[in-house]
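The values are calculated or read from the model by the stated rules, or taken from the named source; none is laboratory data. Remember, predicted model here, so these are calculated numbers, not experimental data. No Cβ is skipped: glycine too gets one built from the backbone with ideal geometry, and neighbour counts run over all protein chains shown.
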Amino acid sequence: MSAEPASPERKGWFARLRDGLAKSSRRLADGITSLFVKRRLDAATLEELEDLLITADLGVETAAKLTANLAREKFDKEVTGDEVRAAFAADIAAILAPVAVPLEPREIANKPFVVLMVGVNGSGKTTTIGKLARQWTDAGKSVVLAAGDTFRAAAVEQLRVWGERSGCPVIEKPHGADAAALAFDALVEARERKADVLIIDTAGRLQNKAGLMEELAKVIRVLKKQDPEAPHATVLVLDGTVGQNAHAQVKTFREMVNVTGLIVTKLDGSARGGIVVALAQSQGLPVHAVGVGEGIDDLHPFEPDAFARSLMGIEG
Ligand SMILES: Nc1nc2c(ncn2[C@@H]2O[C@H](COP(=O)(O)OP(=O)(O)OP(=O)(O)O)[C@@H](O)[C@H]2O)c(=O)[nH]1
Ligand SMILES: [Mg+2]
């Protein structure tokens, strides 16, 4: 699949998020609407609503909270589907608000600000690095990329393409080289270039979890030899279409490294967007940004209101 070229007719990011999340919201919105053709909110309806929220991946805890809030306001009163969706959207936005923290490389004396990208294979790490590189370059920062996924032959080439697109140098070593050695060299070179930011790509899959854990630990260890504060951010990239499996991925990576925040990709076509709410509720990790397409401009800061309204299929 190729990157979409930017064009004036291109829909704004919110429209893409809303349309993308339509797969997630349709089921929810239709479900809610069919429950309420102007009727009183009773215990059975509340239970059905709770089930609907759980099947939409929002998580048991969130589902209970949303329906309890609704019951407090509206029990035994007449409500419409639109009112219910608006009430849920407001509560979801409130759950998401504390975790919506943009990823902004701080100005630090000991440059560069080092960002380590981790996540399972195919989650969107390399693509997200390209998008971040563009955003930060546009913001006037000098960015260096490190092709730390030395495990997969095509990985270096893929990052090189993103380097060209974003105008950032890519530090690489031949396929099969030691990832930690590459990370070490990349930090040396980024320093020499006086770069503001170094973003390090990593392999999503090694022979097994222990192998990946060992490799990531080694990468972090060699970075700390040069800068005890590095990596300044360790971002876990999650594929927003995997649903409940995201919980297991977060747990696994938090056991391996000190994950400082999340980026959720592929929300431009996910039927499982509700997972972001469940993660916010259960993990409390910052959600820095969301991916809404394969193009270089398709990464957007996470906006709780827009996300919650999209998820509930509310226009505008
Ligand atoms: N639709 C859509 N596709 C995306 C998004 N982000 C990434 N992709 C696509 O997902 C696929 C995998 O992305 P990569 O960036 O290669 O994922 P990775 O985590 O680097 O994968 P490995 O290198 O195999 O570990 C590619 O085809 C990307 O174009 C997104 O936000 N939306
Ligand atoms: Mg990759």
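How about the stretch 261-316: which of its residues are in a strand (DSSP E or B) and within 12 Å of ligand 1 (Cβ to nearest atom)? Step through it out loud before you land on a result.
As a first pass, look at the stretch 261-316 and keep what is in a strand (DSSP E or B): 261-265, 287-291, 299-301.
Hits for the stretch 261-316 are 263, 264, 265, 289, 290, 291, 299, 300.
Yes/no matrix, rows are residues, columns are (1) away from ligand 1 (no atom under 16 Å from the Cβ); (2) modelled with pLDDT under 90:
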{"position": "4", "(1), (2)": "no, yes"}
{"position": "26", "(1), (2)": "yes, yes"}
{"position": "33", "(1), (2)": "yes, yes"}
{"position": "43", "(1), (2)": "yes, no"}
{"position": "50", "(1), (2)": "yes, no"}
{"position": "58", "(1), (2)": "yes, no"}
{"position": "63", "(1), (2)": "yes, no"}
{"position": "67", "(1), (2)": "yes, no"}
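Please find, within the stretch 150-173, the residue that is farthest from the chain's Cα centre (by Cα) out of those that are buried (at least 20 other Cβ atoms within 10 Å of the Cβ) and in a loop (DSSP other than H, G, I, E, B).
172
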Contact list, first residue from the stretch 222-247 and among the β-branched types (Val, Ile, Thr), second anywhere and in a loop (DSSP other than H, G, I, E, B) and within 16 Å of ligand 2 (Cβ to nearest atom), beta-carbon distance below 6 Å, six or more apart or interchain, is 237/119; 237/123; 237/124; 241/266
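Test residue 210 against the criterion of being out of contact with any Gly (no Cβ under 6 Å at 6 or more places or on another chain), in contact (Cβ under 8 Å) with a residue 40 or more places away in the chain and more than 16 Å from ligand 2 (Cβ to nearest atom), and give yes or no.
On the way: out of contact with any Gly (no Cβ under 6 Å at 6 or more places or on another chain): yes; in contact (Cβ under 8 Å) with a residue 40 or more places away in the chain: no; more than 16 Å from ligand 2 (Cβ to nearest atom): yes.
So residue 210 fails the test.
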Among the residues of the stretch 128-149, the number that are within 12 Å of ligand 1 (Cβ to nearest atom) and surrounded by fewer than 24 Cβ atoms within 10 Å (Cβ to Cβ) is 0
Failed condition for residue 104, given (1) in a helix (DSSP H, G or I); (2) surrounded by fewer than 16 Cβ atoms within 10 Å (Cβ to Cβ) | (1)
Residues of the stretch 174-233 classified as of a type outside the set (D, E, K, R) and in a loop (DSSP other than H, G, I, E, B), total | 15
